[in-house]
Amino acid sequence: MKKVETDFYHCFGKEHDRFAFPKGIRQVTAGHGGEAILVTGSEKTALLDCGMAYCGPRLVENLREALAGRQLDYVILSHSHYDHIGALPYVRKAYPKAVTLGAAHAAKILPRPGARELMKELGEKAKEQYEPDSSVEIITDLLSVDQVIGEGDKISLGDRTFEVIETKGHTDCSLSFLLEPDSILFTSESTGILERLDYVHTPILKGYENAMESLKKCRSRKAKRLVLPHFGLLPEDFNETYWDLYEKEVEDKREYLEGLAREGLPEEEILQKYAKKYWDAAKTEEQPYEAFMLNSKYIVKALLESL
């Protein structure tokens, strides 16, 4: 099975394995982008997110190896962005009986021609950047949600159960999942992405207030372990530090943008200054520059509206 590792997120040194999950939980990620995590229970199995489209065929290979003959029962979507669900069509073709679960907003927007066109465009750019010689076709026709899930819903795998937590802020369809009895919280991007030991990226595209409410919800669960998007498992003793870093960075970013707004700069110029401050080449490990700029446009808009 192919696993993707980079040096960019090794924040805690070689002694910390960010994918050392308990038995029955396994990273099946096949390329750059969001992680794909397979969770097996005594009765059912679930895949959390799928990653980018260009690595869809490899993801299916990884799943077949990890499932070892078992059926894939659920595909659970954290949100509707291309780097997390681009490979969904390939999984659905390989496992047509699997039920795709996602938020109501994701179910609403994924069938739209404009959304699928954007997913295809970003998927093509990712393929060009990460595997330019690839012959994989970027397909979007099976990007859809079979069953809507929301706050408080339970997804039973037998001896394991996911609790659904609506965590808006990054998108209107962002969901987090608390896995019991393991006490593992799979967070969404609404509550940040760890990029350095002292820095949490705050990709708030859909409202500062939503993101702060999501932080409150997740922190109050007091989960034993946190699994962060684009990172993996945090060391258990870093949980509270992480939440503090996230909250601090949100306030620092608001203060920075407020200062630019006070100078009377137009939003486009603020966006360019924001990008210059927060972009660095290492980010290409997870997303093309075009995707970063698209997200940055909405981050700036959302935080300016909160001032």
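The values are calculated or read from the model by the stated rules, or taken from the named source; none is laboratory data. This structure is a prediction, so every number in the text was calculated from the model and none was measured. Backbone-built Cβ (ideal geometry, glycine too); neighbour counts: all protein chains shown.
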The condition of being surrounded by 21 or more Cβ atoms within 10 Å (Cβ to Cβ) and either in a strand (DSSP E or B) or hydrophobic (A, V, I, L, M, F, W, C) (or both) holds, among V136, V164, V145, only for V145
For the stretch 176-202 the number of residues that are crowded, with 24+ Cβ neighbours inside 10 Å, in contact with a His (Cβ under 7 Å, 6 or more places away or on another chain) and touching a residue at least 60 places away in the same chain (Cβ under 8 Å) is 2
When every residue in the stretch 62-76 that is without any contact (Cβ under 8 Å) to a residue 40 or more places away in the chain and not in a loop (DSSP other than H, G, I, E, B) is compared, the one farthest from P89 (Cα to Cα) is L67
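Residue-wise test of (1) out of contact with any strand residue (DSSP E or B) (no Cβ under 7 Å at 6 or more places or on another chain); (2) within 22 Å of K168 (Cα to Cα); (3) part of a strand (DSSP E or B); (4) aromatic (F, W, Y).
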position: L194; (1), (2), (3), (4): no, yes, yes, no
position: K206; (1), (2), (3), (4): yes, yes, no, no
position: R219; (1), (2), (3), (4): yes, yes, no, no
position: E240; (1), (2), (3), (4): yes, yes, no, no
position: L257; (1), (2), (3), (4): yes, yes, no, no
position: G264; (1), (2), (3), (4): yes, no, no, no
position: K283; (1), (2), (3), (4): yes, no, no, no
position: L294; (1), (2), (3), (4): yes, yes, no, no
position: Y298; (1), (2), (3), (4): yes, yes, no, yes
Sole miss for K248 among (1) farther than 23 Å from G152 by Cα; (2) of a type outside the set (S, T, N, Q); (3) surrounded by fewer than 18 Cβ atoms within 10 Å (Cβ to Cβ); (4) touching a Leu at 6+ places or on another chain (Cβ under 6 Å) is condition (4)
Here the qualifying pairs (Cβ atoms under 7 Å; residues six or more apart or on different chains; first in the stretch 31-48 and farther than 17 Å from P229 by Cβ and at pLDDT below 95; second surrounded by fewer than 21 Cβ atoms within 10 Å (Cβ to Cβ) and acidic (D, E)) come out as none
